[in-house]
Amino acid sequence: MSPYDADPVDRLVTAAADGEDQAVEAALRPKQLDEFIGQERVREQLSLVLQAARKRGSAPDHVLLSGPPGLGKTTLSMIIAAELGAPIRITSGPAIQHAGDLAAILSSLTEGEVLFLDEIHRMSRPAEEMLYMAMEDFRVDVIVGKGPGATAIPLELPPFTLVGATTRAGLLPPPLRDRFGFTGHMEFYAPVELERVVRRSAALLDVEIDPVGAAEIAGRSRGTPRIANRLLRRVRDFAQVRHDGLVTAEIAARALDVYEVDARGLDRLDRAVLDALLRLFGGGPVGLSTLAVAVGEESETVEEVAEPFLVREGLLARTPRGRIATAAAWQHLGLTPPVQTTRGAVPAQSELFPADEG
Ligand SMILES: Nc1ncnc2c1ncn2[C@@H]1O[C@H](COP(=O)(O)OP(=O)(O)OP(=O)(O)O)[C@@H](O)[C@H]1O
Ligand SMILES: [Mg+2]
């Protein structure tokens, strides 16, 4: 059994938060908008929304933050409350299974409070419908009783600001999406921005790091601050155990080699997939299930855990005939692509393994 079967999320370079992340994240979260690194556009747009609300002395429009995990949605929602000087109530879609759960939360909000609803795409249907009315009219209908005798008692709510976060904006029903006055689309971070994230976190964690060391970690962090912070902690361990604690580029690189995170942020599974694609199948096209068998993994693991980043990095492409490697993939693994075969010539190895699906 491979290490990925048990828990495909148990990797150093996953963007999902593990227990250790959660414990340190509170300490590493920027508290104000000017402390928040990168996301220039979202920051500027949000700053206008917040300043205008402050000027008018009213609660700002509801805000939706969308984007991949670990890019700062929860952090920004807390910053919104802090910038407004308002209290924040935190809940999530999966925690609200019944409309009644939502009614209880909404009816206990105070004026101007920020309600942070994480994973808003995972709310139940009845709760969602209650939310429409709450967002638009600051009102909910509380149903009392059951069956034919049930009555709806309208309940006025104080003006509040909903901040919704989602990794899957496409799954939000349009009526819900339309009720947000502002949507911030979070993007992956540029290496220079992640370098600033690493330096800032190092200062907070009392880690001595030189700028090139920070750049080395940033380059392996897949555009994601959460991963940058996690790699920094692993590099810190290495620097403290094997050296005097100072993080240089060389120490960062050696530490992350130990953890099998390469210069581009690929881990062992990512490289195994690329390696099989190149060495066994001549760069493809090869079907997903054949590729998965070659690396001893389930198709789902290859498709959901390894491929998204390989595709994003332009190392692998999904085509109707199967998976193919790009020139960048050959270069990254230091291999030479085979000379193109022509019809009638010896078939490429990939042609002996026809694409099975996908
Ligand atoms: N712009 C930033 N500047 C500095 N640190 C950041 C920034 N964005 C995120 N971080 C750090 O990255 C970590 C993850 O951020 P956060 O929890 O806000 O991500 P998220 O988008 O809510 O992720 P998820 O989708 O998993 O809930 C936090 O520790 C936070 O400190
Ligand atoms: Mg979050």
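Some notes on this structure:
- Note on the stretch 68-96: among residues that are over 28 Å from GLY170 (Cβ atoms) and in contact with a strand residue (DSSP E or B) (Cβ under 9 Å, 6 or more places away or on another chain), the one that is least open to solvent (accessible area, probe 1.4 Å) is ALA86.
- Number of residues in the stretch 186-210 that are of a type outside the set (A, V, I, L, M, F, W, C), open to solvent by less than 70 Å² (accessible area, probe 1.4 Å) and more than 16 Å from ligand 2 (Cβ to nearest atom) equals 5.
- All positions within the stretch 150-170 that are touching a residue at least 12 places away in the same chain (Cβ under 8 Å) and away from ligand 2 (no atom under 16 Å from the Cβ): ILE153, PRO154, LEU155, GLU156, LEU157, PRO158, PRO159, PHE160, THR161
- So LEU256, is it within 30 Å of ILE209 (Cβ to Cβ), open to solvent by less than 60 Å² (accessible area, probe 1.4 Å), aliphatic (A, V, I, L, M) and in a loop (DSSP other than H, G, I, E, B): no
- Every condition in (1) open to solvent by 30 Å² or more (accessible area, probe 1.4 Å); (2) outside the structural domain of GLY213 (by TED's automatic domain parsing); (3) at pLDDT 95 or above is met by GLY322 except one, and the failing one is (1).
- Filter pass, ALA345 being surrounded by 14 or more Cβ atoms within 10 Å (Cβ to Cβ), modelled with pLDDT under 95 and farther than 19 Å from ARG268 by Cα: no
- Tabulated pairs, the stretch 304-323, first at positive phi, second part of a strand (DSSP E or B) and open to solvent by less than 30 Å² (accessible area, probe 1.4 Å), C-beta under 9 angstrom, 6+ apart or interchain: GLY322/VAL286
- The strands (runs of 3 or more DSSP E) falling completely within the stretch 97-162 that include 2 or more residues that are surrounded by fewer than 16 Cβ atoms within 10 Å (Cβ to Cβ) map to 139-144, 151-156.
- Residues of the stretch 50-62 that are touching a Gly at 6+ places or on another chain (Cβ under 9 Å) and surrounded by fewer than 19 Cβ atoms within 10 Å (Cβ to Cβ): ARG54, SER58, ASP61.
The values are calculated or read from the model by the stated rules, or taken from the named source; none is laboratory data. Predicted model only: the values in this text are computed from it and were never measured. Neighbour counts run over all protein chains shown; Cβ positions are idealised from the backbone, glycine included. Just so you know, the surface numbers come from the protein's heavy atoms only, side chains and all, with ligands and any DNA or RNA stripped out. Shrake-Rupley method; radii C 1.70, N 1.55, O 1.52, S 1.80 Å.
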